[in-house]
Amino acid sequence: MRCTTFSRANFLLPMMALLACGAAMAQSPTYKLGRTPTEAEFREWDTVVGAKGKELPPGSGTSKEGAPIYAAQCAVCHGKNGEGVFPYRPLVGGIGTINTPTPKLTVGSYSPYATTIWDFINRAMPKYAPRTLSADDVYALTAFILAKNGIIKETDVMDKNSLLEVQMPNRNGFFPVPPQSVPDKDRSWFPYWNQAPGWKPAAK
Amino acid sequence: MNSKKSDRRGFLKGSAALAGLAVGAIPFANGKALAAVDQRTIKQSVTPDEPTIQDLLYGGRSSYETSVYRTPSPGAGLAQVGLRNLTPLQDSMGVITPAALHYVVARDLTLPNIDPRTHTFMIHGMVDRPLIFTLEELKRFPSVSRVHFLECTGNSGLYHYREWVEDRKKGRTDIYAIQGVHGRLSCSEWTGVPLSLLLKEAGVQKQAKWLIAEGNDIGRHAKSIPLAKAMDDIIVAYGQNGEALRREQGYPLRLVVPGFQGVNNVKFIRSIKVVDEPYYLRPEISAYTNLHPNGKASWYESQVGPKSLITFPSDAHHLPERGLYEISGIAWCGRGAIRRVEVSTDGGKTWKDARLQQPIFRKAWTRFLLGWNWNGTETQIMSRATNEYSDIQPTIMELAKLWGNQTTPPEPASEIASFWETAAISQFLNNPIQIWKVSQDGSIRDGTFSTFKMNPGLVR
């Protein structure tokens with residue numbers, strides 16, 4: 001009996017070592033294609049800014065500094081005061097209307113994070129010449145939009161730290177919080193159409 | 001399955017006039033380009049009656065095939081909404097959409113034209129080895145070819161129905177509801193490298209949970225995608241239906257995220273950053289969210305629900321006489337395979353199982369077919385899809401229950417209808433049963449969206 005157990009352990013040990021080896025091998029490259037990106041490539045392609053603002057560059061701006069840039073670069077589509085020129089939707093107003101029958105969705109009333117405004121202006125605006133604004137310009141324009149919405153003061157300085165402290169009015173207006181756990185393969189991802197309690201499909 | 005012929009020239013003139021208006025207000029809106037692109041497509045896709053060898057090296061259609069085209073989205077006569085062309089589902093056959101008819105929804109005002117010799121694809125962020133690949137290197141990896149549908153998030157939305165009605169009032173008669181409301185939908189065979197393979201090559205770190213995918217289009221479209229989805233079935237695709245991607249489909253490289261709404265399928269893909277949480281980017285917090293009447297909005301709802309659509313006969317067709325017809329349609333869902341499609345030809349009183357074209361691909365169109373003897377009376381025809389997990393396509397009233405008041409169903413029908421009548425936001429990922437109303441004279445019109453009045457204040 002004892003002998004059998006021993007021999008099984010003998011057999012299992014190398015197997016486990018093999019498995020561990022397999023796991024380690026999965027972590028090293030198999031095909032050895034591609035190369036390490038250069039510093040310039042990182043600079044050009046690591047610019048998307050998330051809500052934690054890790055990618056925000058140095059620089060700063062106020063609403064006051066943003067006003068002339070906005071007038072020159074943005075007002076043609078977004079309107080003199082962010083009211084929007086058809087068919088472009090307004091950037092300003094609507095705070096307090098989100099849970100009414102006539103919600104007005106703007107970056108001021110609807111966006112949960114101020115970083116989104118910075119990121120979108122920085123990578124995609126102005127539409128006819130994107131990525132021509134300096135970091136200071138983008139901070140100033142973000143400040144201008146936030147101040148027009150009454151979320152910050154005209155004199156408030158926006159930089160990579162103060163931008164993260166901006167409290168957007170609709171910060172808690174969204175559900176569900178994206179899952180932090182890894183879903184099973186092929187499970188249903190937020191299946192709103194069969195999630196409602198008590199809901200039954202059409203009678204057959 | 002020929003759709004009615006239409007006066008295209010009349011429309012082109014109309015859209016140019018509309019675009020002219022826009023050019024006055026917005027300096028960079030190129031309305032002329034929209035009309036010109038359309039005319040060029042018409043010329044290039046036809047083989048001349050006396051073809052030269054060059055004409056036959058890359059073939060066009062017979063010059064008798066004059067009615068099947070993509071068409072600009074309703075409301076897109078104002079060219080500032082960008083490049084939006086919809087698939088003629090009324091003429092679809094089988095489960096593959098020709099690349100030339102695949103829908104296009106681009107936010108930019110012009111299409112990038114990227115040199116494949118200089119295009120690179122970078123994986124960075126929470127990985128052990130950041131890597132950058134040329135297209136040539138990507139093609140040396142083990143490849144896969146899989147059939148998957150793509151569907152725009154707003155497809156079949158209230159907003160598009162209203163735009164279609166408005167365009168018709170303005171005299172635009174060349175576009176039918178099936179194309180104008182549902183045509184942000186296509187299905188192709190995609191060829192490329194599984195993203196999971198490239199991520200393993202870079203060595204994803206333990207804390208990583210999400211990806212930020214960014215394209216090299218003019219506005220650098222970017223989207224947060226769950227890492228688990230990438231490890232499951234995302235493809236970094238360079239091929240579509242047996243040839244290189246078309247330019248408007250992201251040439252030379254795009255993501256295909258099977259079963260997830262269109263916005264995730266980043267075109268001209270250039271960079272993937274591996275991160276620990278979503279980045280709350282513009283397409284995640286502004287558009288592509290569903291605002292409910294209680295003021296709370298749902299976000300990161302990625303997966304397309306079970307859905308089906310009768311493509312023949314639909315409002316683009318006319319039944320010339322009573323007698324036998326083959327009802328034909330498509331069913332699809334973002335989760336698994338279609339298992340069953342039922343068809344009703346009596347307004348939903350009775351349902352019959354349709355025949356499903358084989359093989360059935362997961363997260364792809366499934367063609368369904370059912371013989372129907374029309375006795376010449378007024379009726380309603382519709383289809384209902386069920387997937388392998390027994391998820392069933394809802395009616396528009398059932399959707400109202402889900403979205404309008406999740407806590408206390410069932411509502412009286414009148415209150416459910418009022419949800420749609422007062423809806424201020426076009427709901428996304430709309431998957432209601434599409435009803436076609438057949439009249440005694442053989443004409444067909446919508447019987448889903450036209451059953452309630454829409455809020456004039458509705459926005460996209």
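The table below gives the values:
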{"item": "Hits in the range B:137-168 (condition: part of a loop (DSSP other than H, G, I, E, B) and more than 14 Å from every other protein chain (Cβ to nearest Cβ))", "result": "B:152, B:154, B:155, B:157"}
{"item": "Elements of type helices (runs of 4 or more DSSP H) in the range A:98-204, at least 1 residues being at pLDDT 95 or above and over 23 Å from residue B:286 (Cβ atoms)", "result": "A:135-148"}
{"item": "From A:61, A:108, A:93, residue being within 12 Å of chain B (Cβ to nearest Cβ) and not acidic (Asp, Glu)", "result": "A:108"}
{"item": "Residue tally, condition facing chain A (nearest Cβ under 10 Å), part of a strand (DSSP E or B) and out of contact with any Asp or Glu (no Cβ under 9 Å at 6 or more places or on another chain), over the range B:195-215", "result": "3"}
{"item": "Those residues of the range B:308-338 which are within 13 Å of residue B:366 (Cβ to Cβ) and at pLDDT 95 or above, in sequence order", "result": "B:308, B:309, B:311, B:328, B:329, B:330, B:331, B:332, B:338"}
{"item": "From B:218, B:285, residue being touching a residue at least 40 places away in the same chain (Cβ under 8 Å) and at the interface with chain A (Cβ under 8 Å from one of its Cβ atoms)", "result": "B:218"}
{"item": "Looking only at the range B:237-290, and only at residues there that are among the small types (Gly, Ala, Ser) and crowded, with 24+ Cβ neighbours inside 10 Å, the one that is farthest from residue A:168 (Cα to Cα)", "result": "B:237"}
{"item": "Condition met for residue B:97 (over 29 Å from residue B:288 (Cβ atoms) and among the β-branched types (Val, Ile, Thr))", "result": "no"}
{"item": "Set A:83, A:41: member being within 11 Å of chain B (Cβ to nearest Cβ) and either in a loop (DSSP other than H, G, I, E, B) or touching a strand residue (DSSP E or B) at 6+ places or on another chain (Cβ under 8 Å) (or both)", "result": "A:41"}
{"item": "Residue count for the range B:293-319, restricted to those that are surrounded by 20 or more Cβ atoms within 10 Å (Cβ to Cβ), closer than 26 Å to residue B:342 by Cα and either of a type outside the set (Ser, Thr, Tyr) or within 7 Å of another protein chain (Cβ to nearest Cβ) (or both)", "result": "13"}
{"item": "Complete set of residues in the range B:246-264 that are more than 18 Å from residue B:332 (Cβ to Cβ) and either not in a loop (DSSP other than H, G, I, E, B) or not aromatic (Phe, Trp, Tyr) (or both)", "result": "B:246, B:247, B:248, B:249, B:250, B:252, B:253, B:254, B:255"}
{"item": "Residue tally, condition surrounded by 18 or more Cβ atoms within 10 Å (Cβ to Cβ), β-branched (Val, Ile, Thr) and modelled with pLDDT of 95 or more, over the range B:133-180", "result": "2"}
{"item": "Set B:368, B:361: member being at pLDDT 95 or above, part of a loop (DSSP other than H, G, I, E, B) and out of contact with any Phe, Trp or Tyr (no Cβ under 7 Å at 6 or more places or on another chain)", "result": "B:361"}
{"item": "Test: residue B:124 is closer than 21 Å to residue B:265 by Cβ and within 9 Å of chain A (Cβ to nearest Cβ)", "result": "yes"}
{"item": "Residues that are among the β-branched types (Val, Ile, Thr), surrounded by 19 or more Cβ atoms within 10 Å (Cβ to Cβ) and under 30 Å from residue A:105 (Cβ atoms), drawn from the range B:437-458", "result": "B:448"}
{"item": "Output for the range B:265-282, where each listed residue is within 11 Å of chain A (Cβ to nearest Cβ) and either closer than 17 Å to residue B:363 by Cβ or part of a loop (DSSP other than H, G, I, E, B) (or both)", "result": "B:276, B:277, B:278, B:279, B:280, B:281"}
{"item": "Residues satisfying the stated conditions in the range B:221-245, i.e. at pLDDT 95 or above, of a type outside the set (Phe, Trp, Tyr) and either more than 15 Å from residue B:261 (Cα to Cα) or assigned to a helix (DSSP H, G or I) (or both)", "result": "B:236, B:237, B:239, B:240, B:241, B:242, B:243, B:244, B:245"}
{"item": "Options B:237, B:230: the member that is over 20 Å from the mean Cα position of the chain (by Cα) and not acidic (Asp, Glu)", "result": "B:230"}
{"item": "Verdict on residue B:373 being surrounded by fewer than 21 Cβ atoms within 10 Å (Cβ to Cβ), in contact with an Asp or Glu (Cβ under 9 Å, 6 or more places away or on another chain) and either away from chain A (no Cβ under 14 Å) or modelled with pLDDT under 80 (or both)", "result": "no"}
{"item": "Residue in the range B:183-194 that is within 14 Å of chain A (Cβ to nearest Cβ) and more than 15 Å from residue B:450 (Cβ to Cβ) present", "result": "yes"}
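Residue-by-condition table, conditions (1) in contact with a Leu (Cβ under 8 Å, 6 or more places away or on another chain); (2) without any contact (Cβ under 8 Å) to a residue 12 or more places away in the chain:
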site: B:163; (1), (2): no, no
site: B:168; (1), (2): no, yes
site: B:181; (1), (2): no, no
site: B:189; (1), (2): no, no
site: B:196; (1), (2): no, no
site: B:202; (1), (2): yes, no
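The values are calculated or read from the model by the stated rules, or taken from the named source; none is laboratory data. Predicted model only: the values in this text are computed from it and were never measured. Here the Cβ is made from the backbone with ideal geometry for all residues, glycine too, and neighbour counts use every protein chain on show.
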